[in-house]
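Asks: Dropping the structure in here first, questions after.
The values are calculated or read from the model by the stated rules, or taken from the named source; none is laboratory data. Owing to the predicted nature of the structure, the values given are computational and were not obtained by experimental measurement. Positions of Cβ are generated from backbone atoms using ideal geometry, with glycine treated the same way; all protein chains shown enter the neighbour counts. Accessible surface areas use protein heavy atoms only, side chains included; no ligands, DNA or RNA. Shrake-Rupley method; radii C 1.70, N 1.55, O 1.52, S 1.80 Å.
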Amino acid sequence: MNSNMKEFNSFKDLFLEIEDEKNSKNRYPVRFIFLNSFEELNELIGQLKEFSEVILLDSLLVGGKWLTKDMILSKIKEKLQEDSKLLVAPLSEFLRFTPNNDFYGLLKALSEIETNDYTRIYIPFVGIYKRFKREFIDEFYRRDEWAPIWRLRGDNKNITIYHATFDFDDSLRLPDFEIIRTTEDWFNLWRNPDVENVLSFSKVIQHFHAEWLPDEIFKLELIDNQKEFIEKIFNGRFELPFNENDSIYWNKLIKIFNEKGAVTLFSLIKDHLNIRDLNKVEPVNLVEYFLKESDYFYRWLLKNYVLQFSEEETYLKHCFAKMNGLENIELVESLWLEIFNLEDIESFYLERKEILKNIPKIDENKIKAALEGIKDLELKKQAWYVTGISEAEKEFVVNTVVEQDLESLRPYIKECFPELYYYSDWDNIKPILNSDEWISEYFKEYNICKIRNDFSENLKLAIEEKNHDKDSFLDWFYRIEKPEIKQKEVNYWIDGLGVEWLPLIYHLLNEYLDEDYLIEAKICRVNLPSITKCNKYSFNKFGDLDSYIHNNHYRHPQTLLEELEIVRRIIEAIINDIRTCDHETINIYSDHGFSFLTLSKFHSKILDFEDAKHEGRYLWLENSKELNDRYYMTLKSECPDNSDKSVLLALKHVSLYRVPSRETHGGATPEEVLVPYFRISKSRGEVTYTLETEELEADIGQPVVTFKLSPVPRGIPEVLVEKRTLNVENKGDGNYQLDLSQLSDLKPKLYKIKVKINKQTLELNVNIKGGFIERDLI
């Protein structure tokens, strides 16, 4: 031990020594005092400030910068000009992080101050005695000839510094921790005598800790990231793995743990979204929550919940995994396009379709580009990629099926473009119509031709037979009734709605209204000529379809796609009105249809009736002369305002003068003169359906079964096998035929099939039996 070192067992003894010694002359005024804790430092300062001027190092700081030994020496020498008794604190917190040369240099410079009088400079140190001894006093050339050094015996009171190596600027309420962020905080740490734990975000600690900590007083716990922070500071646990790119969200988690205590990923999401059971939330709802959420923190939680805790390999999980950020547009684009980068996508189809129905559309050109990559696949494989929601998909489907057999493709069309499927679904609508078979067959062929942009030979033969001349036309036309006008009921008029739209509208009405209303459909004729002037109604009119057709040149497939959308919107508007007003009975009428087969694409023949109206479909005659031909006929006008006139009507698709560039009406073809009539009336109670037989079987070589529902449903039941919708054929009287070969992986086993009709779901078991392989006997 140094000969000038004096140790004390108590503060009382130390204070007595200081009191006795302060009034004696000494060449060297500096007194180094070694203590064991900040508690002792506070007590010492409390005693010595009674007769000493206190120099606190935090008062020397400028702009938060670290001190230098020259700044400290200069301040002490300056104060010595004013006071003979000085106390400098906390110099140990400066020396603790001082390099060896400066450590020795500052202590040497202090030790070489000479006054040879009663001057005293008291410099207490906490917890650096070993370093002081090793690096200074054992090397100091005057160690045995210098002033006394005092040391209070006792055990060092350790303080643990939890140093976070990341940035965190928000305030925290942590009563068990002293928080330091700045140089000022570090030089004021001593003021808390009871401090045991320090939470540091200090750049000083960050810069110096590797070389100088731990020491006699301070233990060091490094916290490398926010997840470790939660674990070490809050003794908590959060389920997500840490990623440096997510630091901003982990910082918010720290605030939440500080404010609320322990939380989990699940509790945060459930509380924020007011959800009771996260496991029951479907992917489509998670997407909805994500897109509506304005706080990116909760978007981050939702994304990571799906990535880390989704038990199934969902499509949404794949899309989230591909996202670099949390922007809505990135998720929306991924949901639309990621499917084209995946394999074995069948299980994602229904999930993706349901999601895409409820999110914004993206640039159609991006979808078109993606669809180009699957154009060489057969339609049954393309169908897994196509939902029929975007215009690009609809156009893709129409262009794909143009040259193919639509009958064989109907199950796939139903999946990827349901409106197109129901538009051409005359086979299933026929049993509910009380009309001649040829009319359904004619419009089935007409709708297929419109999809293909073609005038088939079958349709040419049909129009040649039914409209061969005036007599053949009159033979069928006037056997069809006109709709009965129910003036006292709620009525709607859809201008330009021909019979071609009957299957689609019947389906939409049944789909939207369920069992609440009874839907009746009928094919009716109009007054001739087939123009609005002759078939006006006095009730609410929807003119969007008629206006669109009259104002746009025909383009395939865009015109058909636009018309499908217009019709759907009109029916939705009517349904909303029905539900809002709670009508008992509703009727839907139309004044005429249109024909696309009059277009110049299909005809080059021009007739010479220059004054013909509606692009050559009819002509008012000023005299009673009869003009009849295989292409036209003369009839008495049925217009209320022109009942005294005769009219020349185009009998077939060849017009009387012009070759049209848009769909037309006014002539006598079935699609121009026949219109649908719908009567919608409130049901008188809920209908309960039953399956006549719940157990059926079929051979795998011919896996076709027929089931019967009772009573006979108005609509077509939906059939689902292992979450996939299959096409069924209406055979009439409640009988429906199901072909299970629509399943690409059909195998001998028992299939549990769900039959959904309106609000009811029935279960049908179909046992598919395997075949025998015959072998020659040897």
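Asks: Quick check of the Kirkwood formula: for the stretch 690-769, what is the inverse mean of 1/r over all pairs of different Cα atoms, in Å?
Replies: 12.6
Asks: Could you work out the relative contact order of the stretch 5-152, using alpha carbon pairs under 8 angstrom and six or more residues apart, expressed as a whole percent?
Replies: Across the stretch 5-152, relative contact order equals 49 percent.
Asks: In whole angstrom, how far apart do the alpha carbon centroids of the stretch 590-628 and the stretch 263-304 sit?
Replies: Measuring centre to centre over Cα atoms gives 62 Å.
Asks: Give the accessible surface of the chain per residue, rounded to a whole number of Å², with probe radius 1.4 Å and ligands, DNA and RNA excluded.
Replies: On a per-residue basis, the chain sits at 47 Å².
Asks: Can you tell me what percent of all Cα-Cα pairs in the stretch 473-600 are more than 22 Å apart?
Replies: Tail of P(r) above 22 Å: 39 percent of Cα pairs.
Asks: What Kirkwood hydrodynamic radius do you get for the stretch 5-152 when you take the inverse of the mean 1/r over all pairs of distinct Cα atoms, in Å?
Replies: One over the average 1/r among Cα pairs gives 15.6 Å for the stretch 5-152.
Asks: Now a separate question. With an 8 Å Cα cut-off and a minimum separation of 6 or more residues, compute the relative contact order for the stretch 159-224 in percent.
Replies: Relative contact order here is 53 percent.
Asks: List the GluC sites (Glu not before Pro) within the stretch 165-213 that DSSP assigns to loop and that have no more than 12 neighbouring Cβ atoms inside 10 Å.
Replies: For GluC sites (Glu not before Pro) across the stretch 165-213 that sit outside H, G, I, E and B with at most 12 neighbouring Cβ atoms in 10 Å, the list reads E196.
Asks: Report the far tail of the P(r) of the stretch 159-224, meaning the percent of Cα-Cα pairs longer than 18 Å.
Replies: Pairs farther apart than 18 Å: 28 percent.
Asks: For a quick check of your reading of the filter: which trypsin sites (Lys or Arg not before Pro) in the stretch 464-554 sit in a DSSP loop and have no more than 16 other Cβ atoms within 10 Å?
Replies: Here the sparse-neighbourhood loop sites are R479, K486, K488, K536.
Asks: Go through S590, I269, I753 and say which Cα lies farthest out towards the positive end of the charge dipole of the chain; charges sit on Cβ, +1 for Lys and Arg, -1 for Asp and Glu.
Replies: I269
Asks: Let me ask something else. So which of K366/K394; K450/K533; K25/K85; K133/K203 end up more than 21 Å apart by C-alpha?
Replies: Over 21 Å apart, Cα to Cα: K450/K533; K133/K203.
Asks: So what's the gap between the Cα centers of the stretch 506-555 and the stretch 154-210, to the nearest angstrom?
Replies: First find each Cα centre; the distance between them is then 78 Å.
Asks: Per the helix-only calculation at 222 nm, which mean residue ellipticity applies to the chain, given -39500 (n - 2.57) for every DSSP H run of n ≥ 4 and division by its residues, nearest 500 deg cm²/dmol?
Replies: -10500 deg cm²/dmol
Asks: Which percent of the accessible heavy-atom area of the chain goes to carbon and sulfur, probe 1.4 angstrom?
Replies: C and S atoms contribute 43 percent here.
Asks: How much net charge surrounds K605 when only other residues with a Cβ under 14 Å from its Cβ are counted (Lys, Arg +1; Asp, Glu -1)?
Replies: Result for the neighbourhood of K605: +3.
Asks: For the stretch 654-692 and the stretch 1-40, compute the distance between their C-alpha centroids and round to whole Å.
Replies: The two parts, judged by their Cα centres, are 110 Å apart.
Asks: Let me ask you something else. Work out the length of the dipole vector of the chain about its Cα centre, built from +1 on the beta-carbon of each Lys and Arg and -1 on the beta-carbon of each Asp and Glu, and round it to the nearest 20 debye.
Replies: Charge dipole, the chain, about its Cα centre: 960 debye, nearest 20.
Asks: Also, I was wondering about something else. Determine which aspartates and glutamates satisfy two conditions relative to K130: a Cα distance under 12 Å, and not lying fewer than 8 residues away in the same chain.
Replies: Qualifying aspartates and glutamates at Cα under 12 Å: D138, D215, E216.
Asks: Would you please report the Å³ per residue occupied by the convex hull of the alpha carbon atoms in the stretch 293-431?
Replies: 128
Asks: OK, next. Tally the DSSP beta bridges in the chain and give the antiparallel ones as a percent, rounded to 5.
Replies: Taking every DSSP beta bridge within the chain, about 55 percent pair in antiparallel fashion.
Asks: If you wrap a convex hull around the Cα atoms of the stretch 481-685, how much volume per residue is inside, in Å³?
Replies: 116
Asks: Given [x] 13, 28, 19, 13, 13, 10, 3, 0; [y] 15, 38, 31, 14, 2, 0; [z] 16, 48, 31, 5, 0 as candidate values of P(r) over Cα pairs in 20 Å bins from 0, in percent, which corresponds to the one derived from the coordinates?
Replies: [x]
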